[in-house]
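The values are calculated or read from the model by the stated rules, or taken from the named source; none is laboratory data. Predicted model, so just to flag it, every value in this text is computed and none were measured. Glycine gets a Cβ as well: all are built from the backbone with ideal geometry, and neighbour counts include every protein chain shown.
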């Protein structure tokens, strides 16, 4: 149904209602679409029975049959207020602003976002500003409880110390740095590989698409964890190997998503219109296809980050991830679990950090999906 | 239908081939050679050793020998357990892991389905919020933390608490081993948590989809009871997407078992695998990884085929996409 026709229908209904209530202004038609603009139309009430908004005739029999007769002198023609009806009441907002507005409404996710921001800032600044280096051993202070003050070092062990007397406060924040950066890096790399791959595959179609998707199917058929473990066992273990091993497997899911999105968009009218108007392939991809697939990619990224953090923690926990003297949440939990029954906090602190971060990221992911993907809104 | 199944099987064989080839290539990309740490070897001896292990042959010949061994199920000899075949060791440990995995899969699916349906039917009420809260926590807490918490909190503390209260001679909740029935539940629960949470979330979403469908209204209009509608109309339609999650669920249970078996001291494949990693038993690690990989690929293919049989739309859609 065209916009005009829609307005007309709404106005006619409004006009009938107005007649019932005997009010002067009828046909208030608020049209709050994604642009946030609202159109207000005023209609004169005179001659309502035989003229619609666009000059079409409302069936008098229906009107007369349903409503009591009114004195037409009770109404006054107010005319059209062109200026008022043309004005846009609310400012137009961009896609990102709209998404943010929707995201903000979810209080739990907002709390999660704040928590993650604190984590990021803490992981950057706490190891920088702390007087205690991450690997300094204080052998006279092994396994001290949290909030212990060491007078000879003039240092407060906020989270206590581990088996070598290393300060767990600094180590936990340093671990946050490693864990978070691995998560973000793995998600970023997989998107950087997957998005162009899926885009090319979807846009080209035909044989290229079939071959590219066959490759994706075979690669993603190999169990993710198994492949990462294989890489880590064979190659020198460390930060970069973990990121590389993860990215090699994860990129297939953004590739699939973007391909599906591009395939769907490719056939739509606005792309056809752009083509008809003479837009180049590059312009169609950069101005139409990519912005429209962005939502899916952002959702995918927020979902990938927690799973990458999780994988890193798991790998470090079984001993093939981050190697000492570096520390991540996984290695800290691994150190802690060995003396869990005697000094539970050594395990408990990194475990809490992992769980809360994962929880926050999952909540942010859910909220973002609701905010960015209109199809999933309920 | 037949074509679809054949296609899936061919794909899984290709994937297995890729995994095995990748393993071979990675092994040979490693810098150095197996005798690099042996001090001052006589070049002649070195040559003999290379000949013995077939390392003097060109890479492609080595590859075919390796593939032949793989096809015969020969994964080499363990370094740590001198002279033991990798395959034998793995299959000794397999029954424990299989039982643990099966138990946790059953717990996860059963509880996940029930919680998901309840949450969807009470959409917006407190119980819905509670269940979904538990589910989000379930997917946020890694299995190694869950295992340690249950082992310590429930097994040790709560068990000892029960022992004191009822004046028992020993802790009624065993925290390690795999012999009595009682010792098998705690690890299974620890392992099932992630699966439970993701199934509950998915089931809630898919139940919500069918909740207001016309056929549910029809069933209500016919005068069927709430239970009948839930069992025969809602569940049967809502349960379909759950099948897709079974592949990843199997994977998460398999890898989760690495740590759960270690924490609860169960002599399964997972504990064994972690141990081999710690003692750098390379043939063992590679062999176990390949077995795990093949197991998961077979499982995923089965899930795909079952889903294709149950839901004809998938079959057709796949055909539409991949030509």
Quiz item: Looking at B:155, B:138, B:112, B:108, which is the one that is within 12 Å of chain A (Cβ to nearest Cβ), touching a residue at least 60 places away in the same chain (Cβ under 8 Å) and in contact with a helix residue (DSSP H, G or I) (Cβ under 7 Å, 6 or more places away or on another chain)?
Solution: B:138
Quiz prompt | Failed item, numbered, when residue B:224 is tested on (1) within 30 Å of residue B:125 (Cβ to Cβ); (2) within 21 Å of the chain's Cα centre (by Cα); (3) not in a helix (DSSP H, G or I) | solution = (2)
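Can you tell me which residues in the range B:119-156 are more than 19 Å from residue B:249 (Cα to Cα) and not in a helix (DSSP H, G or I)?
Listed by number, the residues that qualify are B:122, B:123, B:124, B:125.
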Quiz item: Looking at this structure, is residue A:305 crowded, with 20+ Cβ neighbours inside 10 Å and not in a helix (DSSP H, G or I)?
Solution: no
Practice problem: Specify the residue that is farthest from residue B:208 (Cα to Cα); the eligible residues are those in the range B:235-267 that are within 14 Å of another protein chain (Cβ to nearest Cβ) and outside any helix (DSSP H, G or I). | Solution: B:265
Quiz item: Right, residue A:274: touching a helix residue (DSSP H, G or I) at 6+ places or on another chain (Cβ under 6 Å) and in contact (Cβ under 8 Å) with a residue 40 or more places away in the chain or not?
Solution: no
Exercise. Hey, could you check the range B:206-229 for residues that are touching a residue at least 40 places away in the same chain (Cβ under 8 Å) and surrounded by fewer than 17 Cβ atoms within 10 Å (Cβ to Cβ) and say which is farthest from residue B:103 (Cα to Cα)?
Key: B:211
Quiz item: Going through the range A:198-213 one residue at a time, which ones are under 23 Å from the mean Cα position of the chain (by Cα) and surrounded by fewer than 22 Cβ atoms within 10 Å (Cβ to Cβ)?
Solution: A:199
Self-check item: Residue list for the range A:106-134, filter: closer than 18 Å to residue A:349 by Cβ and not in a helix (DSSP H, G or I)
Solution: A:130, A:132, A:134
Quiz item: closer than 30 Å to residue A:326 by Cβ, part of a helix (DSSP H, G or I) and more than 14 Å from every other protein chain (Cβ to nearest Cβ), is that true of residue A:184?
Solution: yes
Practice problem: Could you tell me which of the residues A:216, A:126, A:195 is touching a residue at least 24 places away in the same chain (Cβ under 8 Å) and surrounded by 21 or more Cβ atoms within 10 Å (Cβ to Cβ)? | Solution: A:195
Quiz item: Does the range A:251-278 hold any residues that are in a helix (DSSP H, G or I) and exposed (fewer than 12 other Cβ atoms within 10 Å of the Cβ), and which are they?
Solution: A:269, A:270, A:272, A:273, A:276
Self-check item: Output for the range A:316-336, where each listed residue is part of a helix (DSSP H, G or I) and surrounded by fewer than 24 Cβ atoms within 10 Å (Cβ to Cβ)
Solution: A:334, A:335, A:336
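Table: residues versus (1) loosely packed, with under 15 Cβ neighbours inside 10 Å; (2) modelled with pLDDT of 75 or more; (3) outside any helix (DSSP H, G or I).
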position: B:18; (1), (2), (3): no, yes, no
position: B:31; (1), (2), (3): yes, no, yes
position: B:39; (1), (2), (3): yes, no, yes
position: B:57; (1), (2), (3): yes, yes, yes
position: B:95; (1), (2), (3): yes, yes, no
position: B:112; (1), (2), (3): no, yes, no
